[in-house]
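Here the structure is laid out as structure tokens; the discussion comes afterwards.
The values are calculated or read from the model by the stated rules, or taken from the named source; none is laboratory data. All figures in this text were calculated on a predicted structure; none of them were measured in a lab. Cβ: placed from backbone, ideal geometry, glycine included. Neighbour counts: every protein chain shown. Note: accessible area is taken over every heavy atom of the protein model, side chains too, but ligands, DNA and RNA are not part of it. Shrake-Rupley method; radii C 1.70, N 1.55, O 1.52, S 1.80 Å.
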Amino acid sequence: MSAQNPELERLANEEYKYGFVSDIESDQIAPGLSEEVVRLISAKKEEPAWLLDFRLKALARFQEMLEEKHEPGWAKVDYPEINYQDIIYYSAPKPSVEVESLDEVDPELLRTYEKLGISLDEQKRLSGVKVAVDAVFDSVSVATTYRAELEKQGIIFCSFSEAVKNHPDLIKKYLGSVVPYSDNFFACLNSAVFSDGSFAYIPKGVRCPMELSTYFRINSAGTGQFERTLLVADEGASVSYLEGCTAPMRDENQLHAAVVELVALDDASIKYSTVQNWYPGDKNGVGGIYNFVTKRGACRGKRSKISWTQVETGSAITWKYPSCILQGDDSVGEFYSVAMTNNYQQADTGTKMIHIGKNTKSTIISKGISAGRGQQTYRGLVKIGRKAEGARNYSQCDSLLLGSECGAHTFPYLDVENPSATVEHEATTSKIGEDQIFYCLQRGLSEEDAISIIVNGFCKEVLRELPMEFAVEAQNLLSLSLEGSVG
Amino acid sequence: MLEIKNLHANAGDTPIIKGIDLNIGAGEVHAIMGPNGSGKSTLSNVLAGRPGYSVTRGEVLYAGQNLLDMPTEIRAREGVFLAFQYPVEIPGVGNSYFLKTSVNAVRTHRGEDELDAMDFLSICEEKMKLVEMPSDLMSRSINEGFSGGEKKRNEILQMLLLEPKLCILDETDSGLDIDALRVVAEGVNAMRSPDRAMLVITHYQRLLDYIVPDRVHVLSGGQIVRSGGKELAGELEAKGYGWIGNPE
Ligand SMILES: Nc1ncnc2c1ncn2[C@@H]1O[C@H](COP(=O)(O)OP(=O)(O)O)[C@@H](O)[C@H]1O
Ligand SMILES: [Mg+2]
């Protein structure tokens with residue numbers, strides 16, 4: 001359209017700005033997956049026998065699934081076969097000794113996070129708001145901030161590896177209790193080789209006084225990232241947790257297969273927000289992260305609540321369905337999602353709301369935006385169990401198409417076994433309105449700005465669920481991800 | 001201010017404007033009247049640079065510059081304002097945010113500083129009084145769920161804020177009750193100034209009782225078939241468009 005527009009040119013030429021590689025020596029093991037590799041990872045982490053056992057069971061099951069070709073084929077995504085023997089399953093920045101304070105962290109690592117806009121220096125907050133950060137670099141957690149302050153209230157927030165050492169009872173009790181090791185192909189792989197991640201426990205009656213967050217960074221070539229996040233909110237506790245991710249620009253695809261488990265007991269609430277900005281590959285679809293993730297929360301307690309909010313702009317392929325198991329009576333599950341696919345990106349994402357308890361309630365708001373040759377699928381399951389008297393669900397799935405070569409698909413599955421349930425589903429697909437763009441241009445906005453505000457408006461119901469600073473970042477990301485989608 | 005010379009234009013592939021000549025000087029208000037389908041909206045869309053409309057012959061000068069060479073948003077920033085016959089709804093985008101973005105885009109183009117939220121609000125409140133705009137409309141999404149009258153007031157509010165040099169009003173009166181009509185006309189009259197030109201498009205004469213034009217042109221079949229002073233509007237009202245006849 002308006003090719004003279006300099007802003008458009010600038011945006012169109014802007015690269016993925018997190019695509020740099022840090023020069024940090026790493027301790028890597030050779031590529032390949034075997035019992036030996038799993039034992040090696042476990043040994044590096046000095047894990048107890050029961051955890052090694054968990055890993056080995058997962059590995060055995062994964063190898064079976066691999067042989068039986070259980071890699072999920074039902075998702076509407078297309079990629080060449082992954083050779084699981086080519087992946088490096090462990091890569092840690094050297095020296096891999098545990099640090100007592102941030103002063104001991106390799107300055108190059110700190111600089112890497114500064115460049116990503118994440119300050120690991122507690123004195124130097126970037127946003128003016130306190131956010132405790134666990135920084136995961138390749139396979140390990142390199143730093144966790146504000147721990148002392150959190151500990152005063154009995155809140156545990158640390159890397160997964162430390163939690164295994166210092167809070168083995170909690171890990172033993174909850175690990176795999178929401179996503180069993182054999183749950184699905186990628187969860188099974190993760191359970192065998194996961195290297196680190198974050199753990200948080202909020203004790204009874206405590207409202208976590210600041211946002212907790214994990215920032216994932218893949219740096220090394222040829223590695224996969226397999227992290228594990230476990231959050232437990234005890235009775236009456238509440239927490240808001242954020243997750244961000246970036247990776248360097250590379251021609252090869254890298255696998256990220258994470259597992260996130262959330263547990264909310266009576267009257268507890270967990271709000272889990274993700275801004276996913278893994279490298280999406282280039283304009284021609286070369287490179288990018290395969291983001292194959294299992295996220296699930298269990299509302300175990302009465303009146304508990306789990307709310308997922310995700311803004312998915314990155315990754316070559318996204319395969320994820322953050323879900324809620326609504327066991328406790330009167331528990332509440334929410335899923336708010338914006339997914340954007342541009343160029344050759346593919347996303348198959350959605351949620352599962354499993355209603356088991358009485359008067360359980362779930363809300364699904366999904367906004368999909370496709371541009372370029374992006375392909376996007378919403379896939380969601382609402383299951384109302386036999387005993388879920390008075391369960392209610394409301395689902396709304398809207399798709400916005402920018403251009404004519406992209407696609408949007410919606411697959412809502414419904415399984416209602418209790419006749420007292422109320423289930424509502426609304427879906428719309430629309431093309432971005434020429435008349436809306438003209439209206440904006442006539443008021444002096446550039447075409448790029450016009451599209452950006454229209455898209456942000458389309459996503460508003462989801463974006464407003466994000467914590468303040470994240471919402472701003474997410475809006476900028478959406479605008480950036482649209483680069484080159486007009487013209 | 002605006003010189004249209006032998007303009008021919010298509011909507012899509014269909015020739016609609018078939019040779020229009022029109023000069024509007026600074027400080028003048030011209031009215032274009034004409035039956036439905038005569039090409040009034042097409043003319044305003046062509047002047048504003050709407051995609052899908054193409055000029056096949058003729059030229060348009062705006063303040064001496066070739067208007068047709070300018071991209072749509074540059075025309076807007078240079079001071080061409082179109083009040084839409086059907087204002088567009090944009091869900092999820094706050095009206096006030098949109099207005100501020102728009103005002104600042106124009107200010108930046110003029111080399112002026114952007115207005116911050118406070119300054120914008122105080123200017124906005126003053127103009128809102130003029131068009132009797134309820135303040136809750138500012139926090140709602142652009143035009144979403146607005147009544148017909150509210151949409152038109154919102155258009156006039158934007159015009160007041162952007163201070164354009166050429167105002168084109170496309171059937172701003174249609175669908176308005178008499179009170180809303182009066183409010184809209186007052187807003188427009190407040191904009192009349194020696195360095196501003198206005199093109200008021202209407203189907204009915206009644207708007208011209210409130211906004212008294214310097215010249216009236218009658219459009220039919222894509223051509224101006226008659227021009228005259230403000231009395232022409234009254235004459236048309238009395239005799240109907242049939243009186244004009246069809247040029248073809
Ligand atoms: N995009 C378009 N493609 C083809 N014909 C169009 C288009 N827009 C308008 N027209 C036709 O052009 C004629 C003039 O329309 P318009 O300018 O809207 O008239 P008015 O505003 O005077 O009622 C009508 O016959 C209308 O159907
Ligand atoms: Mg019209």
May I ask you to rank A:LYS431, A:LYS367, A:LYS358, A:LYS271 by accessible area, largest first, using a 1.4 Å probe over the protein chains only?
A:LYS431, A:LYS358, A:LYS271, A:LYS367
For the interface of chains A and B, what total accessible area is buried with a 1.4 Å probe, rounded to the nearest 100 Å²?
2100
A:GLU417 accessible area, assembled protein chains, probe 1.4 Å, Å²:
90
Ignoring ligands, DNA and RNA, how do B:ILE123, A:ILE432 rank by accessible area with a 1.4 Å probe, largest first?
B:ILE123, A:ILE432
Expressed in angstrom and rounded, the centroid-to-centroid distance over alpha carbons for region A:327-348 and region B:1-64 is 48
Order these peptides, A:233-240, B:147-154, A:33-40, A:197-204, by their mean beta-carbon neighbour count within 10 angstrom, highest first.
A:197-204, A:233-240, B:147-154, A:33-40
Near A:ASP348, within a Cβ-to-Cβ distance under 12 Å, what is the net charge of the other residues, with Lys and Arg +1 and Asp and Glu -1?
+1
Cβ-based net charge around A:SER191, under 15 Å, with every Lys or Arg adding one and every Asp or Glu removing one
+1
Pairs of alpha-carbon atoms within less than 8 angstrom and 6+ residues apart define the contacts here; what relative contact order does chain B have, in percent?
28
So how exposed is A:ILE451, as accessible area in Å² (1.4 Å probe, rounded to 10)?
10
Can you sort B:ASP21, A:ASP267, A:ASP23 by solvent-accessible area, 1.4 Å probe, largest first?
A:ASP23, B:ASP21, A:ASP267
Please state the charge dipole magnitude for chain B, taken about the Cα centre, from unit charges on C-beta atoms (+1 on K and R, -1 on D and E), reported in debye and rounded to the nearest 20.
520
Normalised alpha carbon radius of gyration of region B:2-239 [divisor 2.2 N^0.38 Å]:
0.99
Restricting to Cα pairs under 8 Å and 6 or more apart, the percent relative contact order of region B:57-128 works out to 22
Calculate the all-directions average of the projected area of region A:286-329's alpha-carbon convex hull, and give it in nm².
3.2
Rolling a 1.4 angstrom probe over the protein heavy atoms, how many square angstrom per residue are accessible across region B:116-236?
40
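Would you tally the net charge around A:ARG296, using a Cβ to Cβ cut-off of less than 11 Å, leaving A:ARG296 out, and scoring K and R as +1, D and E as -1? Write down the numbers at each step before the final one.
Details: positive: A:LYS295, A:LYS320, A:LYS352; negative: A:ASP183, A:GLU261.
With Lys, Arg at +1 and Asp, Glu at -1, the neighbours total +1.
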Over all distinct Cα pairs, what is the inverse of the mean 1/r for the protein assembly as shown, reported as the Kirkwood hydrodynamic radius in Å?
28.6
Just the accessible area for B:ASP177, please: 1.4 Å probe, Å², rounded to the nearest 10?
100
Starting from the Cα of A:SER177, step 7 Å along the direction of its Cβ; do the same at A:HIS70; then give the gap between the two resulting points in nm.
2.4
Percent of Cα-Cα pairs per 10 Å bin, from 0 to the last occupied bin, for region B:1-51, please list those.
22, 57, 20, 1
What residues in region B:42-72 lose 10 Å² or more of accessible surface when the other protein chains are added to their chain alone (1.4 Å probe)?
B:ALA48, B:ARG50, B:PRO51, B:PRO71, B:THR72
Gyration tensor on Cα atoms of region A:365-487, a ≥ b ≥ c root eigenvalues, a/c under 1.5 rounded, else prolate if a/b beats b/c, else oblate, says prolate
Among the lysines, which have Cα under 21 Å from the Cα of A:LYS305 when same-chain residues fewer than 8 positions away are ignored?
A:LYS173, A:LYS204, A:LYS271, A:LYS295, A:LYS320, A:LYS352, A:LYS358, A:LYS361, A:LYS383, A:LYS387
Please give the residues from region A:441-483 for which the solvent-accessible area of heavy atoms, probe 1.4 Å, is smaller by at least 50 Å² with all protein chains in place than with the chain isolated.
A:LEU441, A:GLN442, A:ARG443, A:GLY444, A:LEU445, A:ILE453
